[in-house]
Structure formats: C-alpha cells, structure tokens
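Q: Here it is, the structure, as structure tokens.
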Amino acid sequence: MEPIASHENWRNCFSEVAPGLLLFARQWVQSAADAEDIVQDAFIKFWRRNHDIDNRGLLYAAVRSLALDFIRRDARRARREATALAEAEAAIEPHFELEDDTQSTLALAVESLPCDQREVIVLKIWNDLTFNEIADALGISQNTAASRYRYALTNLKKTLQPQ
Amino acid sequence: MNDFSELEKELRKLRPAQPSPVLFERVGEALKESRASASGASSKRRPFTQSSYSNWWSLGFGLATAAVLILFAAVTMERRREHQQTVAQSSAVPETRPAPLVTERSTSRGSFVPAGGTNLVYNARDEGLHFADGSERPVRRVRYNTQQTWRWRNPETGASLRVSYPSEEVVLIPVSGQ
C-alpha cells in the first residue's frame, strides 16, 4: 500500500482504505451507517494532520477510539440495536461481498471469532497492516498482535474443518 | 505460518463491503469545510495581529508618557521642596550659613564646587529666660531643630553630591532691661 497521506487526491486514498476501515469499524458497531460516520470522522482528522505512512496505525487507532466512544455514548441504543439485529439477521448489512456459500461460511467463521482475535485478523488480512502497525493501532505489543493472529487462524481452521 | 497460507489466501478472497457513494460526498464536504474554516481562522487572525500591533504601540506610547510625567513630577516636587526650604529658612532661621570652607576645599580637590546649602528649621522652642554662666543679665534661650543640606556639583561631569543631616542649635538672645 502506498503512503496514504502522500496522495494528493484524498478520494484515491479514501477509496483505497475505506472498505477495510469500514470493516474494522464494524467490529464494534453493527450499523453500517454508524460505521461510516465513525470512519468519516477518523479519516478527516487523519487527513487534516497529514500523517505519513509510518503513522498509519494512528488512523486505525482513531477509528477504534471513535467506535468505542460511540458504544459508550450510545450504549442503550446499541443494546436495542443488537437485540433487533439478532431477531432479524436478514436486515444486517453484510460485512463482505459474498459470492458463494463457501465465502458465507468463511465470513460467519470470522464473525464468530473473539473480538481481540477478530480485530487483528481484520487489520492484517483486509487492511494489510504489519504487526508493528497493528500493535500501534490496538495499543498492544507486536508479539501479542502476532500471537492473536495465530490464535485466530487456528480457531478459524478448527471451525472450518469438516466434522 | 505455512499451515495457514491456504486459509489466508481464502480469507483475502473475501472482499469487504464497499462504502456507500454518499460517504465519499460527505468526506469531501467535511474536508472542504475544514479547509474553509482553517483559512477563515487564519484570515481572522490577521486583523487580530494588526490590532495587537496597535495595542503594542499604544502601550509603548502610554509607558513613555507615564515615564515623562513621572520625571516631570519628580522635578516639580524637587523644586517645590527647595522653594519651601528657602521660605522656611528665611522665616524661621535667623541666619543662613554658607558651606564651610573646609568642606569646600576638600570638595574642590575632587573637582566638586559648592552649589548651595539650606537650613530647614522644622522646630523652634523658646526655653525662657536664663542666666548664663553667672551673668547678671538674663538671656532668652531658643532651641532650633534643623535639617541642614549642602550640595556640590562637578561642572565637568554634571555629577552632584548632596549631604543632609539633622542638627540642633541653641541660641541665647540677650534681654535688655528697660
């Protein structure tokens, strides 16, 4: 991935990172609209400060921080929303663009991962962050990020193994 | 990690959902607004800077004026005090002494020349009639409390020296009987 802050056109930059950022935000926020709000705020803050590639983890840290703030601020609404979504799963906007049943199974397996493993998988696979950048974004050590990634893959493999 | 390479490949095939086109418009608008507000803030800062310059100028002028006024007041007070001393001397003290010659000589060695002296009487007490030293004629004893000030000036450098000290004088005035 090119240095995102070096893009003269923010639109190119944003179209490159937005899907991964949205997916990352939706680890905490069910609604796609709320996730878009969070991503918008985080990206604007990041773009204004014009961070370079070395600080890319800060963009994801900003998304995470805003998402956690959103949950705290709107806990009641989030609970109500979670209940409603559980009752009507069809209404949930999908996190992925699914092409077949295999991908649906894989997506479900990812969503069933523990949160701390899932966020590392999302940052590594769909946002191309290094373990160092993941560590910066999540406020953990690089070793912890790597071990969570390994645990996540192990869990996914277990889940996807034919019974 | 080789155990997971196939799984990683499968995961990468999953494509995250794309953001809505509206999000791009919203981000664009927000960036435009932030740029406008930043330039607005800088353009607002300019008149503030100008006014702050004028504030500094006015502060400078104010300080200069205050300094001049203080100097003027100090000079005026000094002159007034000298005038009062002269008045008090002429009214209460029977005589004005010039600076002693010894002092004059000693100061002249240091290029200082006498520039004047004052003898301010701030208290005069009449202690009544007395017969001094077995004299048959009475004398009136008057006690004066004074503040004597002597000034010297160096004409070459303009430096001045002032010595001031309190003194007490007892004057015996013969009383003539009729």
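The values are calculated or read from the model by the stated rules, or taken from the named source; none is laboratory data. All values reported here derive from a predicted model rather than from experimental measurement. No Cβ is skipped: glycine too gets one built from the backbone with ideal geometry, and neighbour counts run over all protein chains shown.
Q: Quick one: what pairs do we get from the stretch A:59-72, first residue among the β-branched types (Val, Ile, Thr), second surrounded by fewer than 22 Cβ atoms within 10 Å (Cβ to Cβ) and not in a helix (DSSP H, G or I), C-beta under 9 Å, 6+ apart or different chains?
A: A:Ile71/A:Trp28
Every residue, every condition in (1) under 30 Å from A:Ile125 (Cα atoms); (2) modelled with pLDDT of 75 or more; (3) more than 7 Å from every other protein chain (Cβ to nearest Cβ), yes or no:
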position: B:Phe4; (1), (2), (3): yes, yes, no
position: B:Leu7; (1), (2), (3): yes, yes, no
position: B:Glu29; (1), (2), (3): no, yes, yes
position: B:Gly40; (1), (2), (3): no, no, yes
position: B:Gln50; (1), (2), (3): no, no, yes
position: B:Ser58; (1), (2), (3): no, no, yes
